[in-house]
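The values are calculated or read from the model by the stated rules, or taken from the named source; none is laboratory data. The model shown is predicted, which means the values in this text are computed figures rather than measured ones. Cβ sites come from the backbone with ideal geometry, for glycine too, and all protein chains shown count toward neighbours.
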Amino acid sequence: MTASPGTASPAGGALPAPLDFVVEALAEAGALAEREGARAVALLPPGLAAEIEVPEECALALYPDRDGDVACGLGSTLLERLIARARGRPVSTSARLAADPPRPAHVRAAADRFALRNGLCEPGQISMGTAVYVAASVAHVVEADDRREGLVRVVVSAHDGGEPDAAVGAHLDLAWPSALVQPSAAPLAADGRAADWIALRAERAVRAAVQPLLGEVERRHARDHDRIVSYFADLIAEARAPRRRAEPKAVEAKVAHLVAERNAKLEALPARFAAKVTCSVAALVIAEVPAALVSLRLRRRKESRELVARLPAGASSLDRLTCEACGMATSRPAACDDRMHLLCEACAPNAQGRIACPACAKRR
Ligand SMILES: [Zn+2]
Ligand SMILES: [Zn+2]
């Protein structure tokens, strides 16, 4: 029996959705779980029972009203743990973008706009093919005095870590499926380097996304600190100027007591506002996208280097290149003097004169 929202009625024995989810998640994890109306009984393998911290044999209830019932409704610890467990395994999908390849005139215009900050770039041959991209959705949680969740997405080329423009990334956002995205005939693979680029860029994106949240935590921390200080300052002032006559010793004892209480409250604050940020990959989409490949000849003084840049369908500019020093993406690379390493603006902020190349330094 299954329940659909709005039709669940305990009298009819229909199962509300959270219990459905819990029973299915437990069964998938190797437990025996059987529903009985708005309740269920479950027999868990010892490992699973220890992991989610419930007895090996237990009764699950949406409304735990009997002794030993394990709550599994919205907000219950068990439901949260099973959701966390399900989220722990990223969903990965292979897809292809059924879009027309870019027109040659468009490709030439995009190639002409590409520039090396400290040298020349000559576009050469253009060919049509496909490119594989990996779009990763990375979930992050900020836990302090409250809990905030969010999602960032990073898209990288599986070939070289290049980064397509936002329009291509938007097509690969399966939370809002585009009609152009179709299942791939065979599963696509990306090598381990794609995982490295995703980890690197997701970390940067998560840092940027949680920055305002950490700022809010700090502000609440400061606000609570000020409130405690001013609240106790008032109490201490009152204690020092009692309305009725009091023994000076009794006054001092009261003040000392208030000071100790204030200090204890202040000392407890940092633990309450210590922010913990965790993140995990929630979903991966590996997609094949029609793309134009443009060979570029880059020149810097006497050195030169060939490379193949990509323009995927739907993009208005060539993929950003991967900085050979830090692994981030750049649309305005500079080349180092000795080996023509391509460097981002952070690694080579000044393209005038000789560049102290971090990529060359790594090789030494
Ligand atoms: Zn860099
Ligand atoms: Zn170099």
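Okay, here's what the table says:
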quantity: Close pairs from segment 333-349: first near ligand 1 (Cβ under 7 Å from one of its atoms), partner outside any loop (DSSP other than H, G, I, E, B) and not small (Gly, Ala, Ser), Cβ under 8 Å, at least 6 apart; calculated: Leu343/Thr330; Leu343/Pro358; Cys344/Thr330; Cys347/Pro358
quantity: Close pairs (8 angstrom Cβ cut-off, 6 or more residues apart or separate chains): closer than 17 Å to Ala195 by Cβ in segment 81-96, modelled with pLDDT of 75 or more and part of a loop (DSSP other than H, G, I, E, B) anywhere; calculated: Thr93/Leu174; Ser94/Ser184; Ser94/Ala186; Ser94/Pro187; Ser94/Leu188
quantity: Conditions (1) within 16 Å of ligand 2 (Cβ to nearest atom); (2) over 23 Å from Ala189 (Cβ atoms); (3) at pLDDT 95 or above; number of the one not met by Arg300; calculated: (3)
quantity: Selection count, segment 238-267, where residues are in a helix (DSSP H, G or I) and loosely packed, with under 11 Cβ neighbours inside 10 Å; calculated: 5
quantity: Members of segment 341-356 found to be at pLDDT 95 or above and on the phi > 0 side of the Ramachandran plot, listed by number; calculated: none
quantity: Identity of the residue in segment 170-188, under 22 Å from Thr322 (Cβ atoms) and crowded, with 18+ Cβ neighbours inside 10 Å, that ends up farthest from the chain's Cα centre (by Cα); calculated: Leu188
quantity: Test for Arg117: is it part of a loop (DSSP other than H, G, I, E, B), surrounded by 14 or more Cβ atoms within 10 Å (Cβ to Cβ) and among the basic types (Lys, Arg); calculated: yes
quantity: Unique match (being at pLDDT below 95 and under 16 Å from Leu307 (Cα atoms)) among Asp160, Asp173; calculated: Asp160
quantity: Test: residue in segment 191-207 that is under 30 Å from Ala131 (Cβ atoms) and assigned to a loop (DSSP other than H, G, I, E, B); calculated: yes
quantity: Residue satisfying condition, being within 30 Å of Ala190 (Cβ to Cβ), touching a strand residue (DSSP E or B) at 6+ places or on another chain (Cβ under 6 Å) and in a helix (DSSP H, G or I), within set Val294, Val210; calculated: Val210
quantity: Filter result for the condition that a residue is without any contact (Cβ under 8 Å) to a residue 40 or more places away in the chain, within 28 Å of the chain's Cα centre (by Cα) and over 28 Å from Leu343 (Cβ atoms), over Ala282, Ala271; calculated: Ala271
quantity: Scope segment 297-332; condition among the hydrophobic types (A, V, I, L, M, F, W, C), part of a strand (DSSP E or B) and in contact with a helix residue (DSSP H, G or I) (Cβ under 6 Å, 6 or more places away or on another chain); matching residues; calculated: Leu311
quantity: Qualifying residue in segment 189-196 (condition: surrounded by 17 or more Cβ atoms within 10 Å (Cβ to Cβ) and assigned by TED's automatic domain parsing to the domain that holds Pro102); calculated: yes
quantity: Considering residues of segment 338-361 that are of a type in the set (D, E, K, R) and within 16 Å of Thr322 (Cα to Cα) only, the residue farthest from the chain's Cα centre (by Cα); calculated: Arg339
quantity: Matching residues, segment 274-296, being touching a helix residue (DSSP H, G or I) at 6+ places or on another chain (Cβ under 6 Å) and closer than 22 Å to Arg113 by Cα; calculated: Ala292, Val294
quantity: Residue satisfying all of: in segment 318-332; away from ligand 1 (no atom under 11 Å from the Cβ) and either at positive phi or of a type outside the set (D, E, K, R) (or both); surrounded by the most Cβ atoms within 10 Å (Cβ to Cβ) among these; calculated: Leu318
quantity: Selection count, segment 333-361, where residues are within 13 Å of ligand 2 (Cβ to nearest atom), part of a loop (DSSP other than H, G, I, E, B) and crowded, with 16+ Cβ neighbours inside 10 Å; calculated: 10
quantity: Lone qualifier among Leu235, Leu214 - being in contact with a helix residue (DSSP H, G or I) (Cβ under 7 Å, 6 or more places away or on another chain) and farther than 30 Å from Ser94 by Cβ; calculated: Leu235
quantity: Failed item in (1) surrounded by fewer than 16 Cβ atoms within 10 Å (Cβ to Cβ); (2) touching a residue at least 24 places away in the same chain (Cβ under 8 Å); (3) assigned to a helix (DSSP H, G or I); (4) over 23 Å from the mean Cα position of the chain (by Cα), with Asp224 passing the rest; calculated: (1)
